[in-house]
Every structure is written in C-alpha cells, then in structure tokens.
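The values are calculated or read from the model by the stated rules, or taken from the named source; none is laboratory data. If you're wondering where the values come from, they're calculated on a predicted model, not measured in any experiment. So basically every Cβ, Gly included, is an ideal-geometry build from the backbone, and we count neighbours across all protein chains shown. All accessible areas refer to the heavy atoms of the entire protein, side chains included, with ligands and DNA or RNA removed. Shrake-Rupley method; radii C 1.70, N 1.55, O 1.52, S 1.80 Å.
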Amino acid sequence: MKIINRNQISLFLLFLFFSIGCKTANESENNSFSVDMLENAHEQFLEPAITHRRFTHSDLQPLIEKHQSSFELRTLGSSIEGRSITALYWGEGQTKVMLWSQMHGNESTATMALFDLFNFLEGSGDEYDELRSTLKNQLSIKFIPMINPDGAEAFKRRNALDIDLNRDAISQISPEAVILKNARDEFEPDFGFNLHDQQIYYNVVNTPKQATISVLAPGYNYERDVNDVRERAMQTIVGMNEILQQMIPGQVGKYDDGFEPRAFGDNIQKWGTSTILIESGGYMGDPEKQYIRKLNFMIILNALHQIATKSYETYTTEQYFSIPDNGIQLMDLILNEVEVEVNGKLYPIDIAIRRRESNAGETYFVNGNIEDVGDMQVYFGFEELDATGHRWVEGKVFEEECENLDAIDEAEALELLKQGYLAVKVKSAKENQLHHLPIMVLHSRETFSSGWMTGASPNFFLEKGGELTHAVVNGYLIDLKNPKDQDLMQRIY
C-alpha cells in the first residue's frame with residue numbers, strides 16, 4: 001500500500017484548488033456571452049433594409065455608405081461587369097481579422113449578418129459598450145461583404161466568366177480573385193472568416209438533422225496536418241459550436257477537410273491566416289434564412305470576442321474533431337414501398353425526391369426531380385410517407401381550358417386532383433408566371449412530364465384500393481383527404 005504523507009496531501013489540495021479556480025475562470029471567460037445577450041443584440045441591431053436572401057450590389061451600396069462615418073470604406077476594385085467591390089475597416093487593435101462573404105453570388109446568408117454586425121459595432125450608449133471597446137482596442141477588422149457582385153446580380157454561384165471564384169485562388173483568372181488575394185496580402189490578417197452557404201440537403205452524418213451550420217478549419221496540405229495556424233482556427237470553432245449547440249442542438253456539422261489546392265480557404269490557411277469556414281445550410285421553416293442569419297451574427301460576434309481576448313486558447317483540437325461530420329443524406333420527400341408496374345408485375349420501391357430552386361426575378365420557383373429509387377434507407381426525408389400497398393398512377397390533364405390563372409382557386413384545384421387531374425390549361429398567361437396552386441398549370445404545352453424513374457419529373461398519384469389517396473405535384477406531396485397548408489413555389493408551363 002502506497003503511503004501519502006501530509007505534505008503530499010497539502011500539495012494535492014493546493015493543485016486541486018488552483019485547477020478548479022482556473023477551470024471556473026476559463027469557463028466564465030468562454031461563456032461570458034450568454035445566448036440571450038447575443039440574441040437580444042441581433043434583434044436590436046438587425047438591418048431592416050434586408051428582408052430576404054436575394055439582393056444585389058445596388059441594394060447593398062446605400063447600406064455600405066450609411067456606415068462611412070464609423071468605418072473606413074475603400075474600393076478594392078471592380079468585377080468583370082464593372083461593379084465595385086468595397087471593404088469596410090473597423091478597429092485599432094494589433095490582431096487583424098478579415099471576413100469575406102458572397103464569393104458565390106447566391107450564397108448570401110452571412111452577408112445579411114455582416115450588415116447586422118456593422119450596425120452593432122456602430123452602436124453606443126448601451127450594455128454592449130464594454131464589448132465594443134474590447135473589440136476595437138484589440139482588433140483591426142476588414143470586411144468584404146460581396147466579393148462576387150456579378151453572381152449576386154443573377155443570383156448564381158459563379159461569376160460573369162462562369163468561373164467558380166473558390167477555384168481561382170492560384171491562377172487568378174478573374175479580377176474578383178485578384179482582388180481577394182490582394183486584399184489578403186495587403187492586410188495580412190491573423191484570422192480569416194470564409195463565409196458561404198451550402199445545400200439544404202446537408203445533414204449531420206447518419207442522422208435526420210439538417211446541418212444548419214457547418215464549420216471547418218480548412219486543411220493547408222494533402223496530409224491534413226495541424227500546425228499552429230490551423231489549430232487556432234479549430235479552437236475558435238469550438239467556442240462557436242458551444243453557442244450553436246444551445247441554439248440548434250445536434251445540427252452542426254464539420255465540413256470535409258480534404259485539401260483543394262485551388263480554393264481560397266485552403267490557401268489562405270496555407271499563407272498563414274487562421275481560416276474559419278462557415279457554411280449556412282437549411283433550417284425548417286426558414287426558406288429565406290433569416291434565423292440562420294441570426295446564428296451567423298451570434299457566432300461571428302462570439303468568435304471576434306474569443307480572438308480579442310484569446311479565450312479560444314482554452315479549447316482543444318480534440319474538441320474540434322469531436323464535432324460530427326457533414327453528410328448529404330437529406331431529401332425533400334421519400335415515398336417508401338410504392339408499387340410500380342413493369343411487364344405486368346408489381347415491384348415495391350422507395351422513391352426519393354428533391355425540389356431545386358430556379359431564379360425568377362427577385363423570387364424563385366422549384367423544379368422537382370426524382371433523385372433515386374430502390375432502397376432509400378440511408379436517406380432521410382424532410383417529409384416521408386409509408387406508401388405500402390399504394391400504386392403509382394399517372395395523372396391526366398383537365399380537358400376544359402380556363403381563361404387565366406385567376407379562374408381557378410385552391411379548392412377547385414384540390415377537387416380536380418381528387419378526380420385524377422394533375423394539370424389544368426389556361427388560355428392566357430404571362431411569360432414565366434408563378435403561382436402557388438396545388439396543381440400543374442399549362443399554357444404553352446398540352447401535356448406534362450411524369451414518371452417514377454431517376455431523373456423523371458415527380459408528377460403522379462398514389463392509389464390504394466382503387467382510390468386516389470395522394471397527389472405528387474412537382475415533388476410536393478398532397479394528401480387528398482387531409483391537405484395541409486403549403487407554400488408551393490410553382491410556375492406556369
């Protein structure tokens with residue numbers, strides 16, 4: 001039996017006392033931002049001029065100019081189509097932080113959050129003054145809210161050269177890529193925030209939960225090594241994740257860290273800037289990403305405080321690697337065990353459907369597509385139906401033409417569906433006219449696409465016992481007995 005003397009006990013107790021004291025101090029510092037405080041700050045400083053995710057360069061310019069008294073504004077250059085790219089500078093500290101958003105023109109969630117953050121940093125005379133003072137004295141921050149204004153104009157991923165800017169960090173074919181590289185080299189930031197959106201179909205791997213936010217400290221080489229630069233990014237992400245787990249528990253994923261030699265995030269990490277990728281995914285009931293906008297504001301503000309106080313140092317890379325990986329296992333709709341007929345024989349198959357957006361001015365419509373059929377057990381649907389005993393049935397077009405879209409309402413559309421009609425025709429319609437009816441509307445064609453195989457348009461009925469029970473219209477599931485309210489984003493064909 002090992003004998004422990006009194007001096008050893010005293011030393012042990014002293015060590016325990018200091019360990020507990022240090023832990024308490026660290027936890028207090030790490031959690032100095034309550035979720036309530038961050039939420040209240042966002043509510044107070046939300047930029048009211050931005051209400052949806054589809055906005056353009058011309059929409060942002062007045063909002064940038066609004067901050068010229070509190071921020072230093074510099075034009076960094078112009079896009080291919082001549083739109084200016086502006087940086088906003090704030091703070092007087094030694095530690096440099098650069099944040100850039102909308103490298104992909106249709107990835108605008110974080111851009112909205114940055115304008116909320118500008119309002120916050122410009123504020124004064126409230127309970128946040130001490131925080132602002134800490135940030136201002138410790139940090140020098142460079143914001144570039146829209147790197148790809150031409151892409152934003154068309155709400156598309158790529159620029160006017162059809163180049164993905166995030167694959168142009170080395171060749172720098174695009175002027176926007178040259179601007180971003182020069183912005184990094186001129187400023188030499190210690191930390192960088194690479195702000196993106198990801199598909200809504202990303203999930204926390206092997207779970208039905210959407211990856212509402214995904215994070216990554218990008219690799220800087222193929223070996224995925226962790227040096228001091230990358231480690232600081234990892235540690236900061238752990239602190240951000242603490243906030244997120246209180247807001248969206250189980251809905252944070254870790255993006256794949258495979259090295260992409262052409263990407264800006266990977267190379268900026270390689271060039272010595274601790275780089276943090278934030279990917280904004282989906283959240284149920286938030287198609288315009290206003291809730292996810294708030295999450296971005298909260299975690300960016302939290303991260304800036306971590307960097308200003310160096311409180312990120314209390315976290316570990318092990319905590320970073322414990323964040324679960326991303327998957328891409330989500331579908332809009334999964335129909336399980338639908339019976340389809342081939343050569344006179346019925347086969348039960350699962351049908352997985354996604355609905356993808358297409359631009360329509362300042363809004364959009366969706367096009368449904370059958371992504372896969374067979375055994376879909378590794379996927380999760382935002383909506384799922386056990387269709388055991390249901391047969392796939394083709395729909396019809398109603399013979400009588402309506403004068404225009406106003407001649408049919410939702411109740412009439414539902415009644416036609418119950419009679420086996422999946423589409424109606426109208427005599428007159430505007431080009432690319434949109435509607436929200438639970439039925440296909442035809443103007444320039446007599447028929448509609450339909451099928452159950454991969455790549456087909458999901459327009460069909462489900463029948464059980466000789467009775468139509470459900471309609472699938474452009475990938476939307478409509479229960480014919482108990483229809484629910486849905487915001488169907490459709491166009492006239």
message: Test of understanding: among K136, K142, which residue is open to solvent by 10 Å² or more (accessible area, probe 1.4 Å) and of a type outside the set (S, T, N, Q)?
response: K136
- line: Checked I478, I492 against criteria (under 24 Å from I200 (Cβ atoms), of a type outside the set (K, R) and in contact (Cβ under 8 Å) with a residue 40 or more places away in the chain); the one match is I478
query: Which residues, taken from region 305-325, are open to solvent by 30 Å² or more (accessible area, probe 1.4 Å) and in contact with a Gly (Cβ under 9 Å, 6 or more places away or on another chain)?
result: T314, P324, D325
task: Could you tell me which residue of region 211-261 is nearest to the chain's Cα centre (by Cα), considering only residues that are under 12 Å from Y320 (Cβ atoms) and among the small types (G, A, S)?
output: A217
message: Residues that are among the hydroxyl-bearing types (S, T, Y), surrounded by fewer than 22 Cβ atoms within 10 Å (Cβ to Cβ) and touching a residue at least 40 places away in the same chain (Cβ under 8 Å): does region 113-129 have at least one?
response: yes
message: Please determine whether any residue of region 156-179 is part of a strand (DSSP E or B) and either surrounded by 23 or more Cβ atoms within 10 Å (Cβ to Cβ) or touching a strand residue (DSSP E or B) at 6+ places or on another chain (Cβ under 7 Å) (or both).
response: no
field: Tally of residues being polar (S, T, N, Q), more than 17 Å from L416 (Cα to Cα) and not in a loop (DSSP other than H, G, I, E, B) across region 452-493
entry: 1
- request: Report, by residue number, each residue of region 326-338 that is assigned to a strand (DSSP E or B) and either touching a Pro at 6+ places or on another chain (Cβ under 8 Å) or surrounded by fewer than 16 Cβ atoms within 10 Å (Cβ to Cβ) (or both).
  value: L330, L333, E337, V338
- prompt: Which residue pairs have Cβ atoms under 8 Å apart, sit 6 or more places apart or on different chains, and have a first residue in region 272-288 that is hydrophobic (A, V, I, L, M, F, W, C) and a second that is open to solvent by 20 Å² or more (accessible area, probe 1.4 Å)?
  reply: L277/Y255; M284/F382
- line: Conditions (1) open to solvent by less than 10 Å² (accessible area, probe 1.4 Å); (2) closer than 30 Å to Q94 by Cβ; (3) touching a Phe, Trp or Tyr at 6+ places or on another chain (Cβ under 6 Å); (4) not hydrophobic (A, V, I, L, M, F, W, C) -> D266 fails only (1)
- prompt: Does D197 meet the test of being surrounded by fewer than 23 Cβ atoms within 10 Å (Cβ to Cβ), under 22 Å from the mean Cα position of the chain (by Cα) and over 30 Å from S69 (Cβ atoms)?
  reply: no
- prompt: Are there any pairs, at least 6 apart or on different chains, whose C-beta atoms fall under 8 Å, with the first in region 59-84 and loosely packed, with under 14 Cβ neighbours inside 10 Å and the second in a loop (DSSP other than H, G, I, E, B) and among the aromatic types (F, W, Y), and if so, which?
  reply: none
- prompt: Which of the strands (runs of 3 or more DSSP E) contained wholly in region 339-423 include at least 3 residues that are open to solvent by less than 60 Å² (accessible area, probe 1.4 Å)?
  reply: 345-360, 363-374, 380-386
